[in-house]
Amino acid sequence: MATIAANSAIGAGTVTAGAVPVRAGAQPQSAVVIGAGFGGLALAIRLQSAGVQTTLVEARDKAGGRAYVWERDGFTFDAGPTVITDPACLQELWGLSGRQMADDIELLPVTPFYRLNWPDGTNFDYSNDDASLMEEIGKLNPDDIAGYAKFLDYAAGVYREGYLKLGHVAFLDFASMLKAAPALAKYQAWRSVYSVVSSFVKNEKLREALSFHTLLVGGNPMTTSAIYALIHKLEKDGGVWFARGGTNQLIAALCTQFERLGGTLRLASPVERIETLGDRVTGVRLAGGETITADAVASNGDIVHTYRDLLKDTPRGKRAAAKLERKSYSPSLFVVHFGIKGTWPGIPHHMILFGPRYRELLTDIYDHGVLAEDFSLYLHHPTVSDPSLAPEGCSTFYALAPVPHQGKLPIDWEVEGPKYAERILDEIEKRLIPDLRGRIMTQFHYTPQDFGRDLSAHLGSAFSLEPVLTQSAWFRTHNRDDVIPNLYFVGAGTHPGAGIPGVVGSAKATAALMLEGLRV
């Protein structure tokens, strides 16, 4: 199977655009990054590559954050994220020091990107193969082929303006937002993704196929800004990939690159407090009492947790937390992991199993806080790409359902979780694997309460702030704090938002700010 290698144009020893290298011979500057998720790892690599002595502290026993991993009964289960797009943004992290990502990890192309399935049995294989995609669109509605071409032009425009130009730079003041306003207005950013898609294509299933992507970053297709249509162009140009061995192996490769550069990774080291003196941070105190001093601190942790808990003794922490708690947050997720006997070459790597309702189900999740009787599922089947993730002759799966966060649905998932898991397995058994129950060898699930407990996620949200226009760019938590000049943020809660390209992009923006601040 084809692999992808790192072909970064960035040479050894250089720093990304907008960053300022630490002066040779100067006293080494130091930084602490809290949280070893994708965003924290990407930021730590950028800082260490530029000569900043960086310590990355992670509360859990493994790096990865939301990209955690479990090994049970011979099966490997990734927590997520499992859809890798824009591999170039990852390649760049190796190119900073003149190395090749392919030396540490192999990325496998996934084709089709997704198979979309509806209750009436309709399948839609979604890929960037133009001939195949036109055939799939034609099956739904031949008249929509021309409309899709116009939508693709639109997606290319918002990709250029929203991702290439704005996705890797910080919005620190309202003036920066005003500069972006003409482009946002040109592409009607105030409209929703679903609204814009519907203006180009008429078939309802195709509208769902072209708008569901926002759910992968926590956004409601009915309310998320049309700028997020850029995801379609991002996938079309860069493809969809999977890391051999699982997403956890990509995390391991990032850790290898960070430590190779001389960085320090501390696992099982929860931060109890960000230390401050006057209007500056001075380091972090760990739960065991140890203090790590630093010239700058960046948090890849939950934004509410960072301000409310880690800065609870400061006026800034209290004010910022109170403001953030009034904002709207993305839903949570309920994930059933299961390993089964048998192999299933007819079930592709990624599937979306739509339910009988689309708009109404989204309203239940985002607005009403209802655990609906129906659901739409993302089904992940990694062993069709990499059989090593299960014992021989067996398969690894997970099924993911968006559910309301705990602020809208404060139920006891210890009680409701097992019942909901059985309902999800019933659906998969009915639509894909008729004898599923008799094949299950191992099974467990992950709930909104787990997101809150393991990741300190506010309300158990899986994606932090909801990605609506009024909570994007300058309206999102800034990459550098407005009051504490050497406190920074990276990850889903800051600009540009969730998803691997989003949080890796936030690391690029934040690194530029930190290196400017650390210039001596």
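Using the alpha-carbon centroid of each, what span in Å lies between segment 399-456 and segment 320-357? Each part reduced to its Cα centre gives a spacing of 9 Å.
If you sort the three axes of the alpha carbon gyration tensor as a ≥ b ≥ c, you get a/c of 1.5 or more for segment 332-455 and a/b above b/c, which makes it prolate. The calculated 222 nm mean residue ellipticity attributable to helices in the chain amounts to -9500 deg cm²/dmol, summing -39500 (n - 2.57) over DSSP H runs of n ≥ 4 and dividing by all residues.
At q = 0.28 Å⁻¹ the log10 of I(q)/I(0) for segment 272-326 amounts to -1.19, computed by Debye summation with a single uniform scatterer per C-alpha, solvent ignored.
Please work out the C-alpha center-to-center distance from segment 118-160 to segment 467-520 and express it in whole Å. Centre-to-centre distance over Cα atoms comes out at 34 Å. Scoring 426-435, 492-501, 400-409 by mean Cβ neighbours within 10 Å over their residues and listing the highest first yields 492-501, 400-409, 426-435. The GluC sites (Glu not before Pro) of segment 306-374 meeting both criteria, a DSSP state outside H, G, I, E and B (loop) and at most 14 other C-beta atoms within 10 angstrom of the site's C-beta, are Glu325, Glu373. Rg and Dmax of the chain, both derived from C-alpha coordinates alone, stand at 22.1, 68 Å.
Under the classification rounded if a/c is under 1.5, otherwise prolate if a/b is larger than b/c and oblate if not, where does segment 30-88 fall, given a ≥ b ≥ c as square roots of the Cα gyration tensor eigenvalues? Cα axes put segment 30-88 in the oblate bin.
Every number here is computed from the coordinates shown, using simple stated rules; none is lab data. These numbers come from a predicted model, not from an experiment. For neighbour counting, all protein chains shown are included, and Cβ atoms are generated from backbone atoms with ideal geometry for every residue, glycine included.
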